[in-house]
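Okay, structure first, notes after.
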Amino acid sequence: MLLLASVTVANFVLHGRSGDHELARSRLSQLDMLLHEESSLQWKTLAKGNTPVRVARELGAIRSQEKKIQEELGVNDALRKQVADYHAVLDTELGLLGVGKTADALALEQQRTEPAFVALAAELDQLGEAEMTAAGVAKNIADLTLALAMIAVAGLIGLLLYRFEREHRIARRVTDEMLHQQSIALETLTEHEALVRHQALHDPLTGLPNRRALSALLAGGGRQALLLVDLDDFKPVNDQLGHAAGDELLVTVARRLHRCVREGDSVVRLGGDEFAVFVQDGDAAAAVHVAERIVDQIGEPFHIAGTTVHIGASVGVAVGADVVDGDLLLREADEAMYRVKQANKGGYAVAGSAHTA
């Protein structure tokens, strides 16, 4: 009986250790998911309103969970430092996003944040595998002691089988939870990558494609026309009413430009108060028609910050041949726009033509 009791106790203890190792593996996976969630969360600061405050609050809650998990696992100092270093890089990236330096934040993401996360994830995965191996060893030994106990006393077979089934259900639940967490992490990563791609090709204020996106459009080939649009008298509005009113005016201009183009054409913000309109498969007549609509639309009064604002648009038009040199098209449109500026603003000019309207 003493031997039977010893074997039974040993079996329970070893199964308990197996469960502990499996639970540790699950907690490591949860820590990995939280660290990744931090990386994707900070890009929400690009939204308007009180999003930065809410992101900071959520970031604090996430790091509290991470700290709790590290304390529960009793991780070593090296891993704690690795997590702290990763936090430092994220905080730097968050600071860049907070002041609108999206390009710098993207560069930091590629150079330091992503490599740091990959290294940290590899370390967590290695620790998780060690826990799983230990769980397997403990479980194998537990199964052996269980078999010995079953041979020793037939009367305890039912109780031991019940114990084995119970531990199996626990392990299954842990495995299912790990698979669920991995699925969430993969979905979050996909969303984060999509956001990074979108931010790389779009203006954060207006949501329009940016200069990099325009370069891709010009490289597409085919017959194309390009209109460069420079707002007249925008700086006084920005200086007198403030940058918030200036931003509101730029967003409204973007909406009006969309009303001037055809389906399939693209409106692009180049920066500041400069925009471009890419006309796909457009000849000179189509481009001039769009330019006339832009001059009329931008010439209409704007109601900004509780006051009426009047600005204008100077438009340079360039039409490419079947084989387009994008840089040449940009230069020609810019030169045509400059001609309009010299001719007292508010109109359009076609590159290679003496016509200015």
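The values are calculated or read from the model by the stated rules, or taken from the named source; none is laboratory data. What you see is a predicted model, and the numbers here were worked out from it, not measured in a lab. Cβ sites come from the backbone with ideal geometry, for glycine too, and all protein chains shown count toward neighbours. Protein only, heavy atoms only, side chains kept; ligands, DNA and RNA dropped before computing areas. Shrake-Rupley method; radii C 1.70, N 1.55, O 1.52, S 1.80 Å.
Numerical summary
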{"item": "Any hit, the range 169-191, residues being farther than 16 Å from residue 22 by Cβ, modelled with pLDDT of 85 or more and either in a strand (DSSP E or B) or out of contact with any Ser or Thr (no Cβ under 6 Å at 6 or more places or on another chain) (or both)", "result": "no"}
{"item": "Residue match in the range 220-240 (condition: of a type in the set (Gly, Ala, Ser), within 14 Å of residue 330 (Cα to Cα) and open to solvent by 20 Å² or more (accessible area, probe 1.4 Å))", "result": "no"}
{"item": "Pair list, Cβ < 6 Å and 6+ apart or interchain, from the range 294-308 residues that are over 21 Å from residue 258 (Cα atoms) to residues that are open to solvent by 60 Å² or more (accessible area, probe 1.4 Å) and modelled with pLDDT under 95", "result": "305/241"}
{"item": "Checking residue 254 against (1) at pLDDT 95 or above; (2) open to solvent by less than 20 Å² (accessible area, probe 1.4 Å); (3) under 21 Å from residue 351 (Cα atoms), the condition it does not meet", "result": "(3)"}
{"item": "Pair list, Cβ under 9 Å, 6 or more apart: the range 65-91 residue closer than 20 Å to residue 20 by Cβ, other residue open to solvent by 70 Å² or more (accessible area, probe 1.4 Å) and modelled with pLDDT under 85", "result": "70/80"}
{"item": "Number of the exception - residue 153 against (1) among the β-branched types (Val, Ile, Thr); (2) in contact with an Asp or Glu (Cβ under 8 Å, 6 or more places away or on another chain); (3) at pLDDT below 80", "result": "(2)"}
